[in-house]
Structures are given as structure tokens and as C-alpha cells.
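Below: one structure, written as C-alpha cells.
We did not get these values from a lab; they are worked out from the coordinates using the rules stated. Values in this document were obtained by computation on a predicted structure and should not be read as measured data. Note that we place each Cβ from the backbone using ideal geometry, even for glycine, and neighbour counts take in every protein chain shown.
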Amino acid sequence: MSMAQKQLTTSYEDYIEAIYDLAVKSGGSVRSVDVAKEIGVSKASVARAIKNLRESGYIEQEHYGEIYLTDKGREYGKNMLSRHQVLRAFLIDILGVDERIANDEACEIEHTISQSTMDKWAAWFNKEHPDGQSGVGDGLPAQKGAYLAG
């Protein structure tokens, strides 16, 4: 069974989320070295993940060139980042969790929570923050309704 036929691992979801976040910040493409730095892994680890993600249709990359997300990869990355943002903001704003701990725990939760529960959580969060401001201070989450449902 190929990776495209089964659910992505937590690790691959982290790669797609990081690539999406970096691509948004850079305006398009991402370098492998930037992904390695963002996630805290070796360039060799990034190369292996990129190969698998490319074969699964989430990214495009010329041989050792810049990384671009496909439409499938952009949608997946946006969803993962949105999950992270909503969960992180909830942990900080509502529960008062330290930002560093909230970031780590949001990363853990985002991979295990069902889409249905996440949609309900995001709807609640967007209702509680109608102006799109979470109070987190670093743009998390984005504007009202920014969470990708489904």
C-alpha cells in the first residue's frame, strides 16, 4: 500500500503544515533547509519526507530544487495549520496555558482530534472571537471563519 492510499503519519502532517506555513510567509516556494530548521530535523530527514510527499501528490520539487505545494498539499497544509491555530489560541486564551506548552500540546492534539469535533471547536472559537482577534499576538488564529471546515 502506498502512502497515497493510507492516512498520513503525524510526521508527514507536520512536514506539510510547516511547508504550508513557510510558503505563506515566503510567498510561494520553500527550501529544504528552511523546512529542516522549522521542524528541527536533519536535511536528510527532510529529503526522505519530500520524496514520499512528492510521490503522494502533496508537493512538487525539481531535483534538489525549491518545494511547492500542490493544490492537495495546500488544502491539507491549510487545514493542519488552522487546526493548530485554533487549538493553540484556545489553550492560551481560554485555559491560560503557557504559550510554549500550548504550542507543543496543540501540535499533539491537532493530529488526533476528529474533523467533526474540530469543526465544532472552530465554530465555537470563531463565535467567541467574532473580530478575528484571539489575543495571542502572533496572528493566531487568523480572521473570523479562517478555519477550514471539512
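Ranking A89, G65, S32 by Cα position along the charge dipole of region 25-105, where only Lys, Arg, Asp and Glu carry charges on their C-beta atoms, puts G65 farthest toward the positive end.
Please list 66-76, 94-104 highest first by mean number of surrounding beta-carbon atoms within 10 Å per residue.
Working: 66-76: 17.7, 94-104: 12.8.
Descending packing order for the listed peptides: 66-76, 94-104.
Highest mean first, what order results for 11-17, 57-63 on Cβ atoms within 10 Å?
Working: 11-17: 21.4, 57-63: 15.4.
Averaged packing, sorted descending, gives the order 11-17, 57-63.
Within the shell of other residues whose beta carbon sits under 15 angstrom from the beta carbon of G77, the net charge comes to -4, with Lys and Arg scored +1 and Asp and Glu -1.
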